[in-house]
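J.: I'd like to ask you about the structure that follows.
Each reported figure results from applying straightforward, stated rules to the coordinates on display, with no laboratory input. Source: prediction; values computed, not measured. Positions of Cβ are generated from backbone atoms using ideal geometry, with glycine treated the same way; all protein chains shown enter the neighbour counts.
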Amino acid sequence: MRHKLAVGNWKMNGSTSALSEIDALIPLLPDTPPHVVICPPAPLLFRASEAVHGTAITIGAQDCHMQASGAYTGDISAAMIADTGATHVIVGHSERRAAHEESNSDVRAKAAQAWSAGLKTIICIGESDEDRAADNTLDIIAGQLSGSLSDGATGANTVIAYEPIWAIGTGKVPSLDQIIEVHDFIRARLIDRFGDAIADVIPLLYGGSVKPDNAETIFRAKNVDGALVGGASLKASDFAPIISALARI
Ligand code: PGA
């Protein structure tokens, strides 16, 4: 069975005082919560891992380097992330693909490092507004999926997040039909490549302007197993209702 997952991506927001939002979230979790992953900025990983100990929440990083170690000033390896107690790492977020020119093969290499460090990867894919306007969405998704995912992907090490770039941080959300079309397409491509047994257990998240008031509708869509949430994960009072909506499905 696929597990349901709510992932909060804090991006470059929050310092030590933001850990109080994790403390505030814990008592707001539903009785049978889905798995929750919070991805704070790297300097908070250790403290955040301590804060969630013994709860349904685990901690993830927002990126890792594609090499195991070496002369890469300012970078952070997957093993260092695992050492903080984190369980997950986001790779290939569109903000990194755009601002750091990360290619599909970079994303694949990062995922390989993450897996060897024992981390689960949340691999992000998604089309731009130009791609969608040109009716290229499924081609872009197919290319990113095959290029970013290596043959070692399983339900135990991989989560895929579909995040249309034009929906991130904009308040614009695709129609339910558009979300379903892309999620069904991703599932079908995974089945073609990995077979039913593996493809069936890789969770597919939707991301891009998920808020308390639209989460439940999105979660009811077939092949949507949860969400990657940016802005609405920063405050416990916004993230908690999204987690509860997922628990109800
Ligand atoms: P948003 O960000 O929820 O603020 O749109 C989502 C993301 O970038 O992961």
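J.: Can you check what the Kirkwood hydrodynamic radius comes to for the chain, Cα pairs only, in Å to one decimal?
T.: Details: mean 1/r = 0.0560 Å⁻¹.
Over the chain, the inverse of the mean reciprocal pair distance is 17.9 Å.
J.: So who's got an amide H within less than 5 Å of the one on V91, skipping anything under 5 residues away but keeping other chains? H placed 1.01 Å off N, in plane.
T.: Under 5 Å from the amide H of V91 lie the amide H atoms of I122, I123, C124, each far enough along the sequence or on another chain.
J.: Can you give the charge dipole size of the range 100-174 about its Cα centre, rounded to the nearest 20 debye, using +1 on the beta carbon of Lys and Arg and -1 on the beta carbon of Asp and Glu?
T.: Details: 5 positive and 11 negative charges, 86 e Å.
For the range 100-174, the charge dipole is close to 420 debye.
J.: Show me, for the range 192-205, the HN-Hα J-couplings you get by feeding each phi into the Karplus relation (A = 6.51, B = -1.76, C = 1.60, θ = phi - 60°), rounded to Hz, glycine and proline as x.
T.: 4, 7, 10, x, 4, 4, 7, 4, 5, 10, 8, x, 10, 9
J.: List the residues whose amide H sits under 5 Å from the amide H of T58, counting only those 5 or more places along or on another chain, with H placed 1.01 Å from N in the peptide plane.
T.: V36, V37, I38
J.: Okay, moving on. Please get the size of the charge dipole for the range 49-188, origin at its Cα centre, with Cβ charges of +1 on Lys and Arg and -1 on Asp and Glu, quoted in debye to the nearest 20. Intermediate results must be reported in sequence, preceding the final value.
T.: Values: 8 positive and 19 negative charges, 90 e Å.
Approximately 440 debye in magnitude.
J.: A further question follows. Using 0.36 nm times the number of residues separating S17 and N136, minus their current alpha carbon distance, what extension gain do you get? Mind showing how you got there, number by number?
T.: Working: separation 119, 0.36 × 119 = 42.84 nm, distance 4.29 nm.
Going from the current span to full extension adds 38.6 nm.
J.: Using Cβ contacts closer than 10 Å as the measure, can you line up Y162, Y72, Y206 from fewest to most?
T.: Working: Y162 26, Y72 11, Y206 29.
Starting with the residue having the fewest Cβ neighbours, the order is Y72, Y162, Y206.
J.: Could you line up T154, T73, T32, T84 from fewest to most neighbouring Cβ atoms inside 10 Å? Intermediate values should be presented prior to the final figure.
T.: Numbers: T154 14, T73 4, T32 8, T84 17.
Going from least to most buried by this count: T73, T32, T154, T84.
J.: Additional query: Please give the FRET efficiency for S116 paired with D200, using the beta carbon to beta carbon distance and R0 = 30 Å, rounded to the nearest 0.05.
T.: Numbers: r = 25 Å, r/R0 = 0.82.
It comes out at approximately 0.75.
J.: Using each residue's phi in the range 114-129, evaluate 6.51 cos²θ - 1.76 cosθ + 1.60 at θ = phi - 60° and report the 3J(HN,Hα) Karplus result to the nearest Hz, with x for Gly and Pro.
T.: Each residue of the range 114-129 in turn: 4, 4, 5, 8, x, 8, 8, 9, 10, 9, 9, 9, x, 8, 7, 5 Hz.
J.: Moving on to the next point. Taking the Cα centre of the chain as origin and charging only Cβ (+1 Lys, Arg; -1 Asp, Glu), how large is the dipole, in debye to the nearest 20? Numbers along the way, then the final one.
T.: On the way: 19 positive and 29 negative charges, 95 e Å.
About 460 debye.
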